[in-house]
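Below is one structure; the comments refer to it alone.
The values are calculated or read from the model by the stated rules, or taken from the named source; none is laboratory data. On a predicted model such as this, the values are computed, not experimentally measured, just so you know. A quick note on method: Cβ atoms are made from the backbone with ideal geometry, for glycine too, and the neighbour counts reach across all protein chains shown.
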Amino acid sequence: MPEHSFEPIRGFFDRFSFSSTNLENQLGDPIEREVVVHIPPNSEGPMPCIIYLAPFTGTGFARANWKAFAETLPQRHERLIKEGKMPPSILVMPDTFTSLGGNQFIDSDTMGKWGSWLKDDLRSELDSRYDISGYGLVGKSSGGYGALVRGMLDDCWNAVACHSGDCGFELLFGIEMATTLTEIMPHGGVEQFLQYVRKSPSLKGDDFHTLMMLAMAATYSDGTLPVNENCKFIDEKWAEWKSWDPLTMIEIHQNLPPCWIDVGDSDQYNIQYGLRQLHKRMTELGIKHEWEEFPGTHSGIDHRLDLSLPWIASQISND
């Protein structure tokens, strides 16, 4: 089994909250959000700032919590600094959870303007509190997607790292439509399913998966699935979804900052296929990026942060 880290945190945590109207959404979620910041020991002067974007059903500061046979993100941060693999950095873990269970970090009427919140509001708040030399984004799954897409859309990030980020929507989301529809139909529709979720004392695994698909619908479209009751794709609506696929976006948004992309070769959500295609297309377009495909799945890949965190810090330091 993996070795458990008993190492106490030697640095300190800041914890604060602030409000932003960019987070007003149709779900009624709060616009005031908490942010946890880890400052390593013996650090001073301008430092790289690395913002961690959480995966679906996660939130940033959950990564600071104790976990059996694992390191917390701040423990990993301090170890990498102690080992001389990266300089002291400001590690930011914001709460980005929504009532639909997650976040893709783009602007959406239903979910809120999370892209604008990241590049404008959160950065402004951090600049007012810390001496920052540059900004990087890192995340896994939905968080990895967020880091990659923000790198495509914004001009304020010095480096981004995408671990198994959503890519290749045909194989990631398209093949899941039938299963999702089968889960929703007994409840009478999307809104009835969401009412069931709100009233349920506990959720089963299929509920979480269906909720994730509805969160994608709320992010990429109007909250409904891009298929009819017979699971036939509605071309116009499916095109809305696919316009947010990195495979589509890279044809338009090619001015990325230094970019790290990796994925497990047995990812259970088929993300390896989408990211392989993205890597190939970025290479054809001459877009410089780091690429690694490693033995593994979509799960248990926190060890990849041992590579990406030092890399992000080095890119900011060299910028």
> Inside segment 278-319, can you point out the residues that are among the hydroxyl-bearing types (Ser, Thr, Tyr) and more than 19 Å from the chain's Cα centre (by Cα)?
Replying inline: Thr283, Ser314, Ser317
> With respect to Phe208, is the statement that it is farther than 21 Å from Gln254 by Cβ, without any contact (Cβ under 8 Å) to a residue 24 or more places away in the chain and out of contact with any Lys or Arg (no Cβ under 9 Å at 6 or more places or on another chain) true?
Replying inline: no
>> Any residue that is within 19 Å of Tyr220 (Cα to Cα), hydrophobic (A, V, I, L, M, F, W, C) and either under 17 Å from the mean Cα position of the chain (by Cα) or buried (at least 17 other Cβ atoms within 10 Å of the Cβ) (or both) - is there at least one of those in segment 118-128?
In response: yes
> Does any residue of segment 79-86 turn out to be surrounded by fewer than 19 Cβ atoms within 10 Å (Cβ to Cβ), within 24 Å of Thr110 (Cα to Cα), modelled with pLDDT of 95 or more and among the acidic types (Asp, Glu)?
Replying inline: no
> For segment 42-64, what are the residues that are among the β-branched types (Val, Ile, Thr) and either in contact with an Asp or Glu (Cβ under 9 Å, 6 or more places away or on another chain) or outside any strand (DSSP E or B) (or both)?
Replying inline: Thr57, Thr59
> Scanning for something hydroxyl-bearing (Ser, Thr, Tyr), outside the structural domain of Pro40 (by TED's automatic domain parsing) and touching an Asp or Glu at 6+ places or on another chain (Cβ under 8 Å), does segment 200-216 turn up at least one residue?
Replying inline: yes
> How many residues, within segment 1-15, are of a type in the set (A, V, I, L, M, F, W, C) and outside any loop (DSSP other than H, G, I, E, B)?
Replying inline: 2
>> Return the residues of segment 202-218 that are surrounded by 22 or more Cβ atoms within 10 Å (Cβ to Cβ) and hydroxyl-bearing (Ser, Thr, Tyr); say none if nothing qualifies.
In response: Thr210
> Is it the case that segment 148-162 has a residue that's of a type in the set (D, E, K, R), loosely packed, with under 15 Cβ neighbours inside 10 Å, under 26 Å from Asp107 (Cβ atoms) and assigned by TED's automatic domain parsing to the domain that holds Leu278?
Replying inline: yes
> Has segment 220-229 got any residue that is part of a loop (DSSP other than H, G, I, E, B), among the acidic types (Asp, Glu) and out of contact with any Asp or Glu (no Cβ under 7 Å at 6 or more places or on another chain)?
Replying inline: yes
> In segment 1-17, which residues are loosely packed, with under 15 Cβ neighbours inside 10 Å and of a type in the set (A, V, I, L, M, F, W, C)?
Replying inline: Met1, Phe6, Phe12, Phe13, Phe16
> When only residues in segment 21-38 that are more than 20 Å from the chain's Cα centre (by Cα) and of a type in the set (S, T, N, Q) count, which is surrounded by the most Cβ atoms within 10 Å (Cβ to Cβ)?
Replying inline: Gln26
> Listed residues Gly134, Gly112, Gly101; which is crowded, with 21+ Cβ neighbours inside 10 Å, within 19 Å of the chain's Cα centre (by Cα), among the small types (Gly, Ala, Ser) and in the same structural domain as Leu309 (by TED's automatic domain parsing)?
Replying inline: Gly112
> Do we find a residue being part of a helix (DSSP H, G or I), touching a residue at least 12 places away in the same chain (Cβ under 8 Å) and not polar (S, T, N, Q) anywhere in segment 65-72?
Replying inline: no
> If we only count helices (runs of 4 or more DSSP H) wholly inside segment 98-213, which ones have 1 or more residues that are within 30 Å of Asp235 (Cα to Cα) and modelled with pLDDT under 95?
Replying inline: 190-199
> Which condition number in (1) under 26 Å from Cys156 (Cα atoms); (2) outside the structural domain of Trp260 (by TED's automatic domain parsing); (3) hydroxyl-bearing (Ser, Thr, Tyr) is the one that Ser43 fails?
Replying inline: (2)
>> Looking at Asp306, Asp235, Asp319 in this structure, which one is charged (D, E, K, R) and at pLDDT below 95?
In response: Asp319
